[in-house]
Amino acid sequence: MPKIKIDGQELEVENGITLLQACELAGKEVPRFCYHERLSVAGNCRMCLVEVKGGPPKPQASCALSVNDLRPGPNGEPPEVFTNTPMVKKAREGVMEFLLINHPLDCPICDQGGECDLQDQAMAYGIDSSRYTENKRAVEDKNLGPLVKTEMTRCIQCTRCVRFTTEVAGVNEMGATGRGEDMEITTYLGKAISSELQGNVIDLCPVGALTSKPYEFKARPWELRKTETIDVMDALGSNIRVDARGREVLRILPRTHEDINEEWISDKARFVWDGLRTQRLDQPYVRDLGKLRPASWDEALTRAAAKLKAAGKSRVGILLGDLVAAEEAFALKELALKMGIANIDCRQDGTPLGEHGGRAGYIFNSGIAGIDDADAIMLIGCNPRLEAPVLNARIRKRLNKGGCIIGVIGDQADLTYKYHYMGAGPDSLNELAAHPAAKAQKPLFIIGQGLLARPDGAAALAKCYEAAKNIGVIKDGWNGFNILHTAAGRVGALDVCALPGEGGKSTREMLKGELDVALLAGADEIDMAKLGKAFVIYIGSHGDAGAARADVILPGAAYTEKAATYVNTEGRPQMTGRAAFPPGDAREDWAIIVSLAKVAGADLGFASITALRAAMYKIAPQLAALGQRAPADAAALAELAQGAGAMGKDAFTSPIKDYYLTNPVARASRIMADCSALKNGQALQAAE
């Protein structure tokens with residue numbers, strides 16, 4: 001490992017790192033605009049200049065120079081680098097002066113104001129005046145779609161956005177035209193960006209040339225109350241920060257978590273915030289003479305409890321939706337036990353998960369970060385670009401690193417990277433042993449809901465396990481048998497065993513129209529017509545399909561309005577934070593369930609969230625270790641062959657047809673509706 005001296009401080013660094021990274025290890029701040037640790041080196045802005053002793057008599061760009069490129073002293077002394085000499089100071093001032101030649105003076109109205117790298121570094125490294133008096137140039141703004149707003153006159157051509165869309169998002173849709181003063185960043189043929197990760201360019205842009213179009217002129221950063229929480233738009237559990245003013249959420253930004261989302265989030269996670277205040281259920285409702293009318297909590301709870309008590313226990317069903325937190329799932333499970341209800345299911349899509357195979361049978365066993373270690377990845381019945389865009393970017397990063405092959409069984413979709421297409425359906429599972437992945441040292445299966453949510457899902461899952469066992473996906477020291485969920489609340493609900501009791505009905509059986517009472521906890525993705533004439537009690541936050549069918553509506557809280565546990569697809573429990581309060585008379589879901597149980601005469605044994613969690617941790621102790629991923633026993637996967645049945649011939653297709661409209665919050669969002677309309681229009685044009 002090379003040794004280097006930085007401002008007189010000697011340290012030993014890794015081979016191949018840049019001078020800029022070495023300076024950071026030494027605790028020295030080096031300004032930069034174009035450099036980003038997750039993107040390729042461009043060397044455009046020249047702001048990161050340092051002085052190298054014994055080198056050329058001019059400053060060097062530290063982002064583009066490796067520590068291995070430096071020569072030692074005449075007697076073998078470590079090479080020396082200086083970050084604060086007069087030469088460096090003058091060079092940085094000159095670069096900043098050049099960058100500001102054409103930059104407009106619109107800080108008072110710029111959404112980046114207060115969070116702008118150019119603003120901060122101009123104060124720290126620039127000078128108080130400019131020697132240039134020529135007219136500033138102006139650049140026409142580009143239409144990148146409904147999410148990213150452009151003010152291209154501010155652009156300094158750092159090309160971070162170009163490199164991100166090409167290297168991370170995998171869509172070659174942005175680039176530069178012209179040279180010198182005429183250089184402009186634009187999209188090819190002036191089209192909108194099609195990536196599901198495009199919002200990340202807003203965070204990457206250091207100057208305010210790319211800002212959030214929905215957030216435009218909404219607030220200043222110092223006005224906002226910032227809450228660290230977890231995203232629930234997919235099952236990845238991306239770490240996010242919710243910015244709110246008063247009771248209104250105005251912005252969602254990513255937080256860095258290397259093992260989950262690195263520092264990216266999907267567009268749905270970032271821009272769904274306007275759906276948190278529209279179509280909200282803010283008071284209880286009851287249905288009289290075919291019409292819903294507002295009611296008090298006492299009236300709504302009394303009517304719901306009376307129906308639950310009056311119905312035969314075998315004719316009452318409880319269905320949990322995709323966004324139900326672990327505490328709510330546990331409370332509903334306890335309610336079912338106390339009232340003798342065996343018909344409870346958290347799998348509203350009808351998968352067989354949780355019945356066999358233990359915990360290893362329904363989590364992403366290798367961990368999301370395990371993708372970085374895999375040398376072969378098989379995607380079976382899933383489309384990660386639509387189901388988990390950030391995970392898809394991680395797969396792409398692993399492929400670009402080299403030494404990894406990717407196979408696909410299911411939809412032949414554009415995943416933003418090259419793969420070996422093996423077929424559309426079950427027959428292709430028999431050919432896995434002949435695939436090059438069979439010779440890999442660390443092969444990895446990613447099994448999606450497109451395979452599991454079929455009537456023969458148990459048989460298909462058993463077939464996948466058999467193939468995985470044969471080619472070494474499951475072996476000592478490595479478990480690459482992974483389930484990719486699409487529902488944020490599914491793993492937590494499975495952990496607390498919100499599944500049919502002895503003799504109880506599954507979701508498919510409950511949807512045969514034989515129930516007298518159906519309790520829907522945010523379950524909006526089922527076919528409501530299949531509930532027949534059942535009396536429907538709906539607990540949820542938005543007026544979606546479940547509320548439209550309900551006879552009693554008990555308004556709940558959205559994910560930004562409660563502190564609740566969500567377990568991501570790899571089995572890592574994380575806690576959301578309350579960024580705002582529920583609107584009107586809405587309450588947190590666990591409190592609604594406890595109140596309903598009390599009115600129905602069922603003692604759940606807890607009346608506070610602390611007592612609820614204490615009881616939940618006894619059933620599922622791994623949920624108490626927030627942020628920690630508890631590995632599951634791979635030996636239990638052998639149970640998957642039990643009761644599997646026969647497998648059909650139909651192709652595996654992803655359950656997500658419209659990425660932007662997958663849950664009640666997203667369907668209430670105007671921003672998501674605009675994105676969906678644009679995407680569908682682009683798809684229609686491509687088909688024509």
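Looking at E466, is it surrounded by fewer than 22 Cβ atoms within 10 Å (Cβ to Cβ), in contact with a Gly (Cβ under 9 Å, 6 or more places away or on another chain) and more than 15 Å from G648 (Cβ to Cβ)?
Details: surrounded by fewer than 22 Cβ atoms within 10 Å (Cβ to Cβ): yes; in contact with a Gly (Cβ under 9 Å, 6 or more places away or on another chain): no; more than 15 Å from G648 (Cβ to Cβ): yes.
When the stated conditions are applied, E466 does not pass them.
Pairs linking a residue in region 616-631 that is under 27 Å from L335 (Cα atoms) and aromatic (F, W, Y) to a residue that is modelled with pLDDT of 95 or more and surrounded by fewer than 17 Cβ atoms within 10 Å (Cβ to Cβ), with Cβ atoms under 6 Å and 6 or more positions apart or on different chains, are Y617/A624.
The residues of region 527-567 that are open to solvent by less than 20 Å² (accessible area, probe 1.4 Å), in a helix (DSSP H, G or I) and either in contact with a His (Cβ under 7 Å, 6 or more places away or on another chain) or not small (G, A, S) (or both), listed by number, are L531, Y559, T560, E561. Listed by position, the strands (runs of 3 or more DSSP E) inside region 200-272 whose residues that are under 24 Å from M152 (Cα atoms) and either of a type in the set (S, T, Y) or in contact with a strand residue (DSSP E or B) (Cβ under 6 Å, 6 or more places away or on another chain) (or both) number at least 2 are 210-212, 248-254.
Pick out, from region 4-89, the strands (runs of 3 or more DSSP E) lying fully within it that include 2 or more residues that are farther than 21 Å from T256 by Cβ, over 33 Å from the mean Cα position of the chain (by Cα) and hydrophobic (A, V, I, L, M, F, W, C). Steps first, answer last, please.
Numbers: elements: 9-12, 49-52, 80-82.
Fully inside region 4-89 and qualifying: 49-52, 80-82.
Identify, please: which residue in region 161-190 is among the small types (G, A, S) and either in a helix (DSSP H, G or I) or under 30 Å from the mean Cα position of the chain (by Cα) (or both) and is, among those, surrounded by the fewest Cβ atoms within 10 Å (Cβ to Cβ)? Break it down into steps so the answer makes sense when it comes.
We begin by selecting, within region 161-190, every residue among the small types (G, A, S); these are 169-170, 175-176, 178, 180, 190.
Imposing the further condition that a residue be either in a helix (DSSP H, G or I) or under 30 Å from the mean Cα position of the chain (by Cα) (or both) reduces the set to 169-170, 175-176, 180, 190.
Details: A169: 26, G170: 21, G175: 15, A176: 14, G180: 5, G190: 9.
Among them, the one singled out is G180.
Apart from one condition, G501 fits all of (1) buried (at least 19 other Cβ atoms within 10 Å of the Cβ); (2) over 29 Å from the mean Cα position of the chain (by Cα); the exception is (1). Taking the criterion of being open to solvent by 40 Å² or more (accessible area, probe 1.4 Å), among the hydrophobic types (A, V, I, L, M, F, W, C) and farther than 13 Å from L596 by Cα, the only residue of region 297-317 that qualifies is A310. In region 123-134, the residues that are closer than 19 Å to M47 by Cα form Cβ pairs under 8 Å with partners that are open to solvent by 100 Å² or more (accessible area, probe 1.4 Å), at six or more places apart or across chains, as follows: Y125/K89.
Does region 658-673 hold any residues that are in contact with a helix residue (DSSP H, G or I) (Cβ under 7 Å, 6 or more places away or on another chain), of a type in the set (A, V, I, L, M) and free of Cβ contacts under 8 Å to residues at least 40 places away in the same chain, and which are they?
Residues of region 658-673 in contact with a helix residue (DSSP H, G or I) (Cβ under 7 Å, 6 or more places away or on another chain): 658-661, 665-666, 668-672.
Imposing the further condition that a residue be of a type in the set (A, V, I, L, M) reduces the set to 661, 665-666, 668, 671-672.
Within region 658-673, just L661 meets the criteria.
So which residues in region 104-118 are over 22 Å from V30 (Cα atoms) and not in a helix (DSSP H, G or I), if there are any at all?
Within region 104-118, the subset over 22 Å from V30 (Cα atoms) is 104-111.
Correct list: P104, L105, D106, C110, D111.
Within region 140-152, residues that are of a type in the set (F, W, Y) have Cβ atoms under 7 Å from residues that are open to solvent by 10 Å² or more (accessible area, probe 1.4 Å) in no pair, counting only partners at least 6 apart in sequence or on another chain. Which residue is nearest to I609 (Cα to Cα), if the candidates are limited to region 318-351 and must be open to solvent by 20 Å² or more (accessible area, probe 1.4 Å) and part of a loop (DSSP other than H, G, I, E, B)? Step by step, filter region 318-351, then rank; the result is L323. Residue check: E134 meets all listed conditions (1) assigned to a loop (DSSP other than H, G, I, E, B); (2) at pLDDT 90 or above but one, namely (2).
Among the residues of region 394-421, not one is open to solvent by 50 Å² or more (accessible area, probe 1.4 Å), small (G, A, S) and within 18 Å of G450 (Cβ to Cβ).
Of the residues contained in region 112-120, none is found to be modelled with pLDDT of 90 or more, more than 18 Å from T211 (Cβ to Cβ) and not hydrophobic (A, V, I, L, M, F, W, C). Scanning for something over 30 Å from A310 (Cβ atoms), surrounded by fewer than 24 Cβ atoms within 10 Å (Cβ to Cβ) and free of Cβ contacts under 8 Å to residues at least 24 places away in the same chain, does region 357-375 turn up at least one residue? No; the residues of region 357-375 include none that is over 30 Å from A310 (Cβ atoms), surrounded by fewer than 24 Cβ atoms within 10 Å (Cβ to Cβ) and free of Cβ contacts under 8 Å to residues at least 24 places away in the same chain.
Hey, does region 407-424 have a residue that's part of a helix (DSSP H, G or I), small (G, A, S) and in contact (Cβ under 8 Å) with a residue 60 or more places away in the chain? No, there is no match, as no residue in region 407-424 is part of a helix (DSSP H, G or I), small (G, A, S) and in contact (Cβ under 8 Å) with a residue 60 or more places away in the chain.
Count of region 444-499 residues, restricted to those that are more than 26 Å from M233 (Cα to Cα), touching a residue at least 24 places away in the same chain (Cβ under 8 Å) and part of a loop (DSSP other than H, G, I, E, B), is 4.
Of the candidates L292, L301, L276, L281, the single residue that is more than 30 Å from V567 (Cβ to Cβ), of a type outside the set (G, A, S) and touching a residue at least 60 places away in the same chain (Cβ under 8 Å) is L292. List pairs: first in region 161-187 and of a type in the set (K, R), second surrounded by 16 or more Cβ atoms within 10 Å (Cβ to Cβ), Cβ under 6 Å, 6+ apart or cross-chain? From residues that are of a type in the set (K, R), the pairs are R163/L39. Among the residues making up region 191-223, a single one is open to solvent by less than 60 Å² (accessible area, probe 1.4 Å) and basic (K, R): R220.
For region 67-89, give me each residue that is of a type in the set (A, V, I, L, M) and either surrounded by fewer than 17 Cβ atoms within 10 Å (Cβ to Cβ) or touching a strand residue (DSSP E or B) at 6+ places or on another chain (Cβ under 6 Å) (or both). Give the steps one after another, and end with the answer.
Within region 67-89, the first condition is being of a type in the set (A, V, I, L, M), and the residues that meet it are 67, 70, 81, 87-88.
V67, V81, M87, V88 - these are the residues of region 67-89 that are of a type in the set (A, V, I, L, M) and either surrounded by fewer than 17 Cβ atoms within 10 Å (Cβ to Cβ) or touching a strand residue (DSSP E or B) at 6+ places or on another chain (Cβ under 6 Å) (or both).
The values are calculated or read from the model by the stated rules, or taken from the named source; none is laboratory data. Treat the numbers as computed from the prediction; the structure is a model and nothing was measured. FYI the Cβ positions are ideal-geometry reconstructions off the backbone, even for glycines, and counts take in every protein chain you see. Ligands, DNA and RNA are excluded from the accessible area calculation, which covers all protein heavy atoms including side chains. Shrake-Rupley method; radii C 1.70, N 1.55, O 1.52, S 1.80 Å.
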